[in-house]
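First up is the structure itself, then whatever we jot down about it.
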Amino acid sequence: IYTGGATNIFRYPELSENGKASEIIQTLEEKQNLVDLVNETLSNEEKGIQVYIGSESPVQSMKNCSVVTATYELGEGMRGTIGIIGPKRMDYDKVIGTLKTITHQLDELYNKKT
């Protein structure tokens, strides 16, 4: 599991107050909760984009934010997940569009190798 841009969470006042950002950063550093989130995403029968808003998130420490994930095929029965974590007020259209573009590019990249 790779995480990047975690400190950007401090840019959002609703997440940087009352230690919420620290809790999210700790979750990102510990990784086990992210492993659980990825497993939840991959085990879900629905493929593609999944949106978790607030308490819908399978990760309790992310109840104050939104998580948008997308799965992609790696070939030979393997799949991957990419996700974006942000405030509940995130621009969902933009985030979903970005994830669709990235997963499409990953699908093309991995399909060319097979």
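The values are calculated or read from the model by the stated rules, or taken from the named source; none is laboratory data. Just so we're clear, the structure is a prediction, and the values are computed from it rather than from any experiment. Neighbour counts are summed over all protein chains in view; Cβ atoms, including those assigned to glycine, are modelled from backbone coordinates with ideal geometry. These accessible areas exclude ligands, DNA and RNA; they are computed on the full protein's heavy atoms, side chains included. Shrake-Rupley method; radii C 1.70, N 1.55, O 1.52, S 1.80 Å.
General remarks:
- Of all the criteria given as (1) more than 13 Å from the chain's Cα centre (by Cα); (2) of a type outside the set (Lys, Arg); (3) surrounded by 16 or more Cβ atoms within 10 Å (Cβ to Cβ), the one not satisfied by residue 76 is (3).
- Residue within the range 43-61 that is farther than 19 Å from residue 96 by Cβ and touching a Lys or Arg at 6+ places or on another chain (Cβ under 6 Å) present: yes
- Scanning the range 32-60 for residues that are among the hydroxyl-bearing types (Ser, Thr, Tyr) and open to solvent by 60 Å² or more (accessible area, probe 1.4 Å) gives 43, 55.
- When residue 74 is tested against the conditions (1) assigned to a helix (DSSP H, G or I); (2) out of contact with any Pro (no Cβ under 9 Å at 6 or more places or on another chain); (3) not small (Gly, Ala, Ser), the lone failure is (1).
- Counting only residues that are open to solvent by less than 100 Å² (accessible area, probe 1.4 Å), of a type outside the set (A, V, I, L, M) and either within 19 Å of residue 38 (Cα to Cα) or out of contact with any Gly (no Cβ under 6 Å at 6 or more places or on another chain) (or both), the range 89-110 holds 8 of them.
- Being among the hydrophobic types (A, V, I, L, M, F, W, C), touching a helix residue (DSSP H, G or I) at 6+ places or on another chain (Cβ under 9 Å) and not in a loop (DSSP other than H, G, I, E, B) is a condition met by at least one residue of the range 83-103.
- The condition of being open to solvent by less than 30 Å² (accessible area, probe 1.4 Å) and either closer than 16 Å to residue 6 by Cβ or in contact (Cβ under 8 Å) with a residue 60 or more places away in the chain (or both) holds for residue 66.
- Within the range 32-47, the residues that satisfy the criterion of being closer than 15 Å to residue 67 by Cβ, touching a residue at least 12 places away in the same chain (Cβ under 8 Å) and not hydroxyl-bearing (Ser, Thr, Tyr) are 33, 34, 35, 36, 37, 38, 40, 42.
- Filtered by the rule that a residue be in contact with a helix residue (DSSP H, G or I) (Cβ under 9 Å, 6 or more places away or on another chain) and free of Cβ contacts under 8 Å to residues at least 60 places away in the same chain, the range 3-21 gives 3, 6, 7, 10, 16, 20, 21.
- Subset of the range 1-31 that is in a helix (DSSP H, G or I) and among the small types (Gly, Ala, Ser) - its residue that is most open to solvent (accessible area, probe 1.4 Å): 22
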